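The values are calculated or read from the model by the stated rules, or taken from the named source; none is laboratory data. Note that the coordinates shown come from a computational prediction; the quantities given were computed from them, not determined experimentally. For neighbour counting, all protein chains shown are included, and Cβ atoms are generated from backbone atoms with ideal geometry for every residue, glycine included. Accessible surface is based on the protein model in full, side chains and every heavy atom, while ligands, DNA and RNA are left aside. Shrake-Rupley method; radii C 1.70, N 1.55, O 1.52, S 1.80 Å.
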Amino acid sequence: MPVPGRDPERSETLGLWARYVAGGRCQSAARLEGKVAVITGANTGIGKETARDLARRGARVIVACRDIAKAEAAASEIRAETGNQQVTVRKLDLADTKSIREFAEKFLAEEKELHILINNAGVMLCPYSKTADGFEMHLGVNHLGHFLLTFLLLERLKQSAPARIVNVSSLAHHAGRIRFHDLHGEKSYNRGLAYCHSKLANVLFTRELARRLQGTKVTANALHPGSVHSELVRHSFVMMWLWKIFSFFLKTPWEGAQTSVYCAVAEELESVTGQYFSDCQPAYVSPWGRDDETAKKLWSVSCELLGIQWD
């Protein structure tokens, strides 16, 4: 029976639109008992929802965050909801290589296995600023921080294989370019483009990493989570205003987490590597994101900036 005062056709249209915006959903029922996962930035947004899902599947989940208070609150909520007491918090500030090294050192001392690494944390639309090591903030956090973290944890991933590395990128990578002549935006800076450049770096890092990991049973894939209603736009008042007005056109954090979860657990992706996904299916990568020479050069430059040798 129709509800008085409600237009059934309009309600149906809104329902269809909501399902369209929600996008793909991870259909895998995979269980993760005995598996260990590290998720960066898992105290809020899609990272928190990804942690919740993996915890519900039985994984031991390491919530790696800069804000310990928020992380502890998120972990406590996830433990209470899922009944999984193996959700722990570790300090990780991706804008400081010292913090990244301290996190990795402590993790390797405490955990003998690592099966899933989800490089989820990120910054967006920051006013011009630099990390503790002098890197432009978007490049430093979104790319270099995760590049170093992956480097430090890679042997544990190999020892635990089959294992997966999941890099959260964005559709914004299509507008990105790797500006080797001005990586840190000191000559010219646009906060929107800086974000796009860093998301392209995620795609290129994934491509080169997958190539180097062939035969190890460790896969690396990247993804676009969709336009998600989250705290990622907190550095831009205008974007926060637009996000609020057009929230109906945005995914919820749970919906945005679906492709991250899919890349982390889907059985059909066990041997799939070097790919880019959106809405739980393969998606188009920009020509810049398929440039192997740029990927190799970015790898080399990243190693130089971080003072590491990764052959």
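Out of all the residues in the stretch 184-231, which are outside any helix (DSSP H, G or I), within 22 Å of Gly140 (Cβ to Cβ) and among the charged types (D, E, K, R)?
Across the stretch 184-231, the qualifying residues are Glu186, Lys187.
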- Message: Give all pairs with beta carbons closer than 7 Å in which a residue from the stretch 266-293 that is assigned to a loop (DSSP other than H, G, I, E, B) meets a residue that is open to solvent by 50 Å² or more (accessible area, probe 1.4 Å) and not aliphatic (A, V, I, L, M); count only pairs at least 6 apart in sequence or on separate chains.
- Response: Glu270/Pro162; Gly274/Arg207; Gly274/Arg211; Gln275/Pro282; Cys280/Arg25; Ser286/His174
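A quick yes/no check of all residues on (1) within 19 Å of Cys126 (Cα to Cα); (2) open to solvent by 50 Å² or more (accessible area, probe 1.4 Å); (3) of a type in the set (Phe, Trp, Tyr); (4) modelled with pLDDT under 95:
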position: Gln159; (1), (2), (3), (4): no, yes, no, no
position: His173; (1), (2), (3), (4): yes, no, no, no
position: Asn202; (1), (2), (3), (4): yes, no, no, no
position: Glu208; (1), (2), (3), (4): no, no, no, no
- Note on the structure: Picking from Ala161, Ala194, the residue that is hydrophobic (A, V, I, L, M, F, W, C) and more than 23 Å from Glu105 (Cα to Cα) would be Ala194
- Note on the structure: All-but-one check, Thr82 against (1) open to solvent by less than 80 Å² (accessible area, probe 1.4 Å); (2) over 19 Å from the mean Cα position of the chain (by Cα); (3) at pLDDT below 95; (4) of a type in the set (Val, Ile, Thr), failing number (3)
- Query: Which one is least open to solvent (accessible area, probe 1.4 Å), of the residues in the stretch 175-196 that are touching a residue at least 40 places away in the same chain (Cβ under 8 Å) and out of contact with any strand residue (DSSP E or B) (no Cβ under 9 Å at 6 or more places or on another chain)?
  - Reply: Gly176
- Message: So if I check each of Ile100, Ile118, which one is assigned to a strand (DSSP E or B) and open to solvent by less than 20 Å² (accessible area, probe 1.4 Å)?
- Response: Ile118
- Evaluation of Thr88 against (1) surrounded by 22 or more Cβ atoms within 10 Å (Cβ to Cβ); (2) assigned to a strand (DSSP E or B) (one fails), failing number: (1)
- Query: Could you list, in sequence order, the residues of the stretch 255-285 that are over 19 Å from His115 (Cα atoms) and surrounded by fewer than 18 Cβ atoms within 10 Å (Cβ to Cβ)?
  - Reply: Gln281, Pro282, Ala283, Tyr284
- Message: Among the residues in the stretch 303-311, are any among the polar types (S, T, N, Q), without any contact (Cβ under 8 Å) to a residue 60 or more places away in the chain and open to solvent by 20 Å² or more (accessible area, probe 1.4 Å)?
- Response: yes
